[in-house]
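The values are calculated or read from the model by the stated rules, or taken from the named source; none is laboratory data. Keep in mind that what you see is a predicted model, and the values were worked out from it rather than measured. When we count neighbours, we look across all protein chains shown, and the Cβ atoms used for this are built from the backbone with ideal geometry, even at glycine.
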Amino acid sequence: MNNYKYLLIGVLIFATACEKDFKELNKNPFFPTQTEIGPLFNSVVESLQLGWEEQLYIHNNELYPITQQAATSGNVFDNPTIGTENMWSNYYSALVNIRELEKRFDEAEGDAELLNNVRAQLKIIKAYKTFRMTDIFGDMPFFDAGKGFQSIENLEPKFDSQEEIYKFLLTDLEDAFKLINPQAATATGEAYVSFGTFDNIFDDNMVMWGKFANSLRLRHAMRMVEKDRPFAEAIIKEIIENDYPLIERGEDVGLYPALLDWQKQSTHWSFREHKKLRMGTNVWNAISESDELDGSGIYDPRARIWFEPNNNGEWAPYPQIANNDTPASGGFPYQELRDAVYDLKGNDNIYSPLNYYLIRDEAYIPEIIMTAAEISFIKAEIYERGIGVPANANNVLTFFNEGVVSSITFWQNLMTNTPIWENKAPVLSEGEMFTVVNHPDVEVFSASDKLNRIYKQRWLDAMRQPWEAYALSRRTQATPREGDFPEHYRMAYPPSEQINNPTEWANQVSKMGDDSESVKVWWMK
């Protein structure tokens with residue numbers, strides 16, 4: 001049974017989750033020690049790590065070619081179900097532990113206010129994980145899922161509509177923000193229950209948890225705005241007019257391996273195994289004003305952080321829409337032997353690969369969850385379209401420019417803070433960054449296609465979040481592209497769901513008409 005399987009996995013995660021900072025914390029009136037809820041919460045945080053198969057079979061094989069943030073230069077693996085199984089198992093295993101924490105909080109005796117912060121943290125992390133899943137699959141088991149240990153009736157949970165899931169999570173995030181109190185104690189002096197050192201996202205900084213909650217609300221209200229504008233506008237209006245705190249420059253959210261005693265080996269493995277990802281002509285045209293092989297046409301400094309020249313030292317993009325006469329790219333641009341001889345990429349590596357160190361580093365390149373730049377670009381779109389607030393050209397310019405500078409700063413910081421990174425690109429000063437902002441192919445002040453430029457920069461900033469670029473592309477149909485947008489709107493459910501949850505899976509597929517990528521998710525027009 002689906003939930004029974006995930007119950008067992010969840011128990012195993014709980015039993016083995018003590019990998020970092022698992023100290024006995026102060027006792028509280030709800031639990032003998034914090035170690036009971038701390039490792040359980042940390043297992044949920046740990047599940048935010050991207051799966052190995054997810055990255056290989058979904059990101060590298062499917063999403064990068066679909067979003068055209070990169071190009072596939074040759075035949076590759078064609079088995080996305082391995083990746084979707086990885087994602088499905090990860091999510092529902094973590095959901096079991098989320099449900100267990102929710103149950104403990106609901107059954108706890110004592111002053112319920114003392115649990116406000118940990119309740120809020122759990123709501124926020126549940127929302128982030130669930131949004132990621134429903135954005136990929138659409139309708140999915142949620143409200144009754146992960147509860148197989150509570151009732152046998154929940155062993156085969158029904159599929160819930162994406163609309164219901166979205167609106168529930170957006171409301172839950174609002175509740176979470178209102179629950180948060182950054183003070184250590186209540187007005188009567190009682191200490192709030194805390195995950196303490198088990199919070200490996202914000203280190204128990206409740207102000208940052210509040211900013212993250214509001215930023216998630218803004219991101220996903222904007223995502224659904226084409227489908228239910230009144231519902232989305234009310235959220236956007238509330239956040240903007242009340243000046244709710246949001247993620248700002250320098251507060252980019254991610255899992256940083258060096259801080260978590262974790263070696264992020266999965267990304268490098270996925271690129272080594274895949275081998276074929278290269279810089280495509282679509283992204284090349286978005287970061288360079290000419291095709292000079294020496295890279296002299298590059299105007300976007302992030303280009304040299306995301307990509308590198310081919311084996312001959314030339315900036316050579318792979319045709320985004322290749323034909324039978326297009327030579328394939330070989331070589332070994334992602335193999336570990338480059339640790340010893342960086343410039344050696346193989347004579348037949350004739351197209352520019354992604355930057356070796358961006359995917360090789362296992363300690364300082366994070367799993368990116370949300371950048372401050374993304375929030376700035378969302379606000380720029382809001383003011384350009386007048387969604388929830390009056391249109392305002394000055395605010396469009398302010399937030400667009402802030403987004404570009406925040407993005408450049410973020411990516412430059414990743415590069416400079418990576419000790420193993422050789423041949424680092426020049427670091428731009430603030431003034432030099434604004435030169436980039438005012439480049440004719442970037443600036444938004446006098447542009448007639450302001451929205452497209454906002455989408456382009458948000459798409460670029462999501463270079464290592466292809467799932468976010470995929471969502472932006474599906475919603476707007478206006479991200480940079482060569483050729484038509486594909487009719488690829490979701491991933492099919494993994495085969496295990498048909499085996500483990502057959503009745504509900506069959507009901508869902510009957511409702512959809514077809515379990516394929518051509519079925520649009522709810523928030524699409």
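Tell me which residues, restricted to the range 224-243, are part of a helix (DSSP H, G or I), farther than 15 Å from Ala213 by Cβ and either modelled with pLDDT under 95 or not hydrophobic (A, V, I, L, M, F, W, C) (or both).
Scanning the range 224-243 gives Arg229, Pro230, Glu233, Lys237, Glu241.
If you take the residues in the range 40-70 that are aliphatic (A, V, I, L, M) and either in a helix (DSSP H, G or I) or modelled with pLDDT under 95 (or both), which one is farthest from Asn285 (Cα to Cα)?
In the first step, residues of the range 40-70 are kept if they are aliphatic (A, V, I, L, M); the result is 40, 44-45, 48, 50, 56, 58, 63, 66, 70.
Narrowing the set further to residues that are either in a helix (DSSP H, G or I) or modelled with pLDDT under 95 (or both) leaves 40, 44-45, 56, 58, 63, 66.
On the way: Leu40: 46, Val44: 40, Val45: 37, Leu56: 26, Ile58: 25, Leu63: 19, Ile66: 17 Å.
Residue satisfying both the conditions and the ranking: Leu40.
Scan the range 481-503 and report the pairs whose first residue is among the small types (Gly, Ala, Ser) and whose second residue is modelled with pLDDT under 95, with Cβ atoms within less than 9 Å and a gap of 6+ or a chain change.
Pairs that qualify, where the first residue is among the small types (Gly, Ala, Ser) and the partner is modelled with pLDDT under 95, are Gly483/Ile321; Ser496/Asn2; Ser496/Lys5.
Out of Gln477, Gln498, Gln508, I need the residue that is of a type outside the set (A, V, I, L, M, F, W, C), at positive phi and surrounded by 13 or more Cβ atoms within 10 Å (Cβ to Cβ). Which one? Explain how you work it out, then say what you get.
On the way: Gln498 fails: at positive phi; Gln508 fails: at positive phi.
Unique residue meeting the criteria: Gln477.
Take Tyr342 and decide whether it is in contact with a Pro (Cβ under 8 Å, 6 or more places away or on another chain) and either under 30 Å from Pro257 (Cα atoms) or modelled with pLDDT under 95 (or both).
Values: in contact with a Pro (Cβ under 8 Å, 6 or more places away or on another chain): no; either under 30 Å from Pro257 (Cα atoms) or modelled with pLDDT under 95 (or both): yes.
No.
Which of the residues that make up the range 258-292 are farther than 22 Å from Arg302 by Cβ, crowded, with 18+ Cβ neighbours inside 10 Å and among the aliphatic types (A, V, I, L, M)?
Leu260
When both residues are 6+ apart or on different chains and their Cβ atoms are under 6 Å apart, which pairs have a first residue that lies in the range 284-303 and is at positive phi, and a second that is among the hydrophobic types (A, V, I, L, M, F, W, C)?
Every condition considered, the pairs that remain are Gly295/Trp315.
So how many residues does the range 394-403 have that are β-branched (Val, Ile, Thr) and either touching a Ser or Thr at 6+ places or on another chain (Cβ under 8 Å) or surrounded by fewer than 21 Cβ atoms within 10 Å (Cβ to Cβ) (or both)? Step through it out loud before you land on a result.
Keep residues of the range 394-403 that are β-branched (Val, Ile, Thr), which gives 396, 398.
This time we only want the ones that are either touching a Ser or Thr at 6+ places or on another chain (Cβ under 8 Å) or surrounded by fewer than 21 Cβ atoms within 10 Å (Cβ to Cβ) (or both), so: 398.
Qualifying residue count, the range 394-403: 1.
Of the conditions (1) surrounded by 19 or more Cβ atoms within 10 Å (Cβ to Cβ); (2) of a type outside the set (S, T, N, Q); (3) not in a helix (DSSP H, G or I), Ile305 satisfies every one except a single condition; which number is it?
Looking at each condition in turn, Ile305 falls short on (3).
Taking the range 175-207 as the region of interest, how many residues are among the β-branched types (Val, Ile, Thr) and within 23 Å of Leu255 (Cα to Cα)? Full working, then the answer.
Applying the first criterion (among the β-branched types (Val, Ile, Thr)) to the range 175-207 yields 180, 186, 188, 193, 197, 201, 207.
Subsequent filtering for residues that are within 23 Å of Leu255 (Cα to Cα) retains 180, 197, 201, 207.
Residues meeting the conditions: 4.
Is it fair to say Phe149 is over 27 Å from Phe202 (Cα atoms) and at pLDDT 95 or above?
Answer is no for this residue.
Would you say Phe14 is modelled with pLDDT under 50 and touching a Gly at 6+ places or on another chain (Cβ under 8 Å)?
Considered against the rule, which asks whether it is modelled with pLDDT under 50 and touching a Gly at 6+ places or on another chain (Cβ under 8 Å), Phe14 comes out as no.
Could you please give the count of residues in the range 87-136 that are within 16 Å of the chain's Cα centre (by Cα) and free of Cβ contacts under 8 Å to residues at least 40 places away in the same chain?
Of the residues in the range 87-136, 1 are within 16 Å of the chain's Cα centre (by Cα) and free of Cβ contacts under 8 Å to residues at least 40 places away in the same chain.
Considering only the range 175-205, state which residues are in contact (Cβ under 8 Å) with a residue 60 or more places away in the chain, more than 22 Å from Ala258 (Cβ to Cβ) and within 21 Å of the chain's Cα centre (by Cα).
Filtering the range 175-205 for residues in contact (Cβ under 8 Å) with a residue 60 or more places away in the chain gives 177, 179-181, 186, 190-201.
Still in the list and also more than 22 Å from Ala258 (Cβ to Cβ): 177, 179-181, 186, 190-194.
Result: Phe177, single match.
Has the range 150-157 got at least one residue that is in a strand (DSSP E or B), in contact (Cβ under 8 Å) with a residue 12 or more places away in the chain and closer than 27 Å to Ser518 by Cβ?
Filtering the range 150-157 for residues in a strand (DSSP E or B) gives none.
No.
Within the range 435-443, is even one residue outside any loop (DSSP other than H, G, I, E, B), buried (at least 19 other Cβ atoms within 10 Å of the Cβ) and without any contact (Cβ under 8 Å) to a residue 40 or more places away in the chain?
Yes.
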